[in-house]
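Colleague: Got a structure for you, questions after.
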Amino acid sequence: MGNLFCCIQVDQSTVAIKETFGKFEDVLEPGCHFLPWCLGQQVAGHLSLRLQQLDVRCETKTKDNVFVNVVASIQYRALANKANDAFYKLSNTRSQIQAYVFDVIRASVPKLLLDDVFEQKNEIAQAVEEELEKAMSAYGFEIVQTLIVDIEPDEHVKRAMNEINAAARMRLAANEKAEAEKILQIKRAEGEAEAKYLSGLGIARQRQAIVDGLRDSVLGFSVNVPGTTAKDVMDMVLVTQYFDTMKEIGASSKSSAVFIPHGPGAVRDVATQIRDGLLQGSFAEQS
C-alpha cells in the first residue's frame, strides 16, 4: 500500500538507503517519506543504528604451548552519517569483525604465558578494540566496547592448575602447622625448665629446712642431756629416720622394696657374709 501511494515509513533507530535508477541518492531518516517509484526511486534496504553485539570464540595457544579458547564480546553500531558506507562497502559485517578479532588474538596470546593471559586480558581487549576501530571506521561502523569475557583452557589443564593451587595451599598449611608445633614445643620446654627451676628451689629450701631442724635438735639435745656429743645425736636421728622409713614401707601391702647395704665397705661386708655362709654350708655337709 505504501508503494502504491509512493510513501514509505522508516522506523526509529533505522535508516533507509534511497536509490534512483540503482544509484545511491540519499539516506532517509526515521519517519514517512515520499518516494515516487515511477521516477525510478526506490529503497535499496534498511540499516539498523542500534548497538549490536557479536561474541567471537577464538582457539589459540599460549607461549607455554597451552591451547585456550578466548571468547571476545564486540559491541558495535553503524554511524548515521556514514550509513551509505556501512550499507554498500561490506557484504557481511559480522564475518569481517570476526576475522579481525581472530587476527589480533592469535597475534597477542602466543606471546604470553597462560597465567599472563588471565592477568592481561584487558590489554588483549584493548589491542582488539584499537585494531577494529582502525579497520571498521572506514566502513562506517563504530566499535563501542570490546571485552574478553572468557578464557577457557583445556579441561586437563584446568584440573592441573587446580591441583597445583591445592598443593601450594597444602604446603603453606603444613608450614603453618609446623610453626605452630615448634612454638608449642618451645613453650613446653620453657615451662619444663621453669618447673625444674622452681622444683630445684623447693628441694634446696627443703634441705635447708632439714639442716636447720637437725641443727636445732642437736643443740637442744646437747643442752638438755649433758655428756652427749653431736655424733650421738646424729646417730639417734638417723636410727629414728630409719625405723620411720621401715614403718612406712611395712604399712603398704604391695610394697616390694628391699634395702641392702651399699658402698665399697658394704660390698665387702656382703661378700664376707656370703663367703662365711658358703663355708658354713660346706662344713655342715662334711660333718
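The values are calculated or read from the model by the stated rules, or taken from the named source; none is laboratory data. Just so we're clear, the structure is a prediction, and the values are computed from it rather than from any experiment. Counting neighbours? That spans all protein chains shown, and the Cβs are built from the backbone with ideal geometry, glycine included. We work out accessible area using only protein heavy atoms, side chains counted, and drop any ligands, DNA or RNA first. Shrake-Rupley method; radii C 1.70, N 1.55, O 1.52, S 1.80 Å.
Colleague: Name the single residue, out of those in segment 19-61 being among the hydrophobic types (A, V, I, L, M, F, W, C) and in contact with a helix residue (DSSP H, G or I) (Cβ under 8 Å, 6 or more places away or on another chain), that is nearest to Ala72 (Cα to Cα).
Modeller: Of all residues in segment 19-61, those among the hydrophobic types (A, V, I, L, M, F, W, C) come to 21, 24, 27-28, 32, 34-35, 37-39, 43-44, 47, 49, 51, 54, 56, 58.
With the extra rule that they be in contact with a helix residue (DSSP H, G or I) (Cβ under 8 Å, 6 or more places away or on another chain), the set shrinks to 24, 27, 44, 47, 49, 54, 56, 58.
Working: Phe24: 35, Val27: 32, Ala44: 32, Leu47: 24, Leu49: 22, Leu54: 8, Val56: 5, Cys58: 8 Å.
Per the criteria, the residue is Val56.
Colleague: For segment 147-181, give me each residue that is closer than 30 Å to Glu129 by Cβ and hydrophobic (A, V, I, L, M, F, W, C).
Modeller: Hits for segment 147-181 are Leu147, Ile148, Val149, Ile151, Val157, Met161.
Colleague: Can you name the residue in segment 131-160 that is free of Cβ contacts under 8 Å to residues at least 40 places away in the same chain and not acidic (Asp, Glu) and, of all such residues, is least open to solvent (accessible area, probe 1.4 Å)?
Modeller: Ala135
Colleague: For segment 85-94, which residues satisfy the criterion of being open to solvent by less than 50 Å² (accessible area, probe 1.4 Å) and either among the aromatic types (Phe, Trp, Tyr) or part of a helix (DSSP H, G or I) (or both)? It would help to see each step written out before you state the result.
Modeller: First pass over segment 85-94, keeping only residues open to solvent by less than 50 Å² (accessible area, probe 1.4 Å): 85-86, 90, 93.
The answer is Asp85, Ala86, Thr93.
Colleague: Same structure, new question: Among the residues that make up segment 56-77, is at least one of them of a type in the set (Gly, Ala, Ser) and over 48 Å from the mean Cα position of the chain (by Cα)? Outline the logic, then answer.
Modeller: Taking segment 56-77 and keeping what is of a type in the set (Gly, Ala, Ser), we get 72-73.
When the remaining residues are screened for being over 48 Å from the mean Cα position of the chain (by Cα), the result is none.
The answer is no, given that none of the residues of segment 56-77 is of a type in the set (Gly, Ala, Ser) and over 48 Å from the mean Cα position of the chain (by Cα).
Colleague: For segment 111-118, check the following and say yes or no: at least one residue is surrounded by fewer than 16 Cβ atoms within 10 Å (Cβ to Cβ), outside any helix (DSSP H, G or I) and under 37 Å from the mean Cα position of the chain (by Cα).
Modeller: Yes, that holds for at least one residue.
Colleague: Between Val71, Val104, Val43, Val56, which is open to solvent by less than 60 Å² (accessible area, probe 1.4 Å), free of Cβ contacts under 8 Å to residues at least 40 places away in the same chain and part of a strand (DSSP E or B)? Before you say what the answer is, go through the steps one by one.
Modeller: Values: Val71 fails: free of Cβ contacts under 8 Å to residues at least 40 places away in the same chain; Val104 fails: part of a strand (DSSP E or B); Val56 fails: free of Cβ contacts under 8 Å to residues at least 40 places away in the same chain.
Only one candidate passes the filter, namely Val43.
Colleague: Test Ile210 against the criterion of being of a type in the set (Val, Ile, Thr), at pLDDT 90 or above and surrounded by 10 or more Cβ atoms within 10 Å (Cβ to Cβ), and give yes or no.
Modeller: On the way: of a type in the set (Val, Ile, Thr): yes; at pLDDT 90 or above: no; surrounded by 10 or more Cβ atoms within 10 Å (Cβ to Cβ): yes.
No: the conditions fail for Ile210.
Colleague: Still on this structure: Testing His33 on (1) surrounded by 13 or more Cβ atoms within 10 Å (Cβ to Cβ); (2) at pLDDT 85 or above; (3) of a type outside the set (Gly, Ala, Ser), one condition comes back false. Which one is that?
Modeller: (2)
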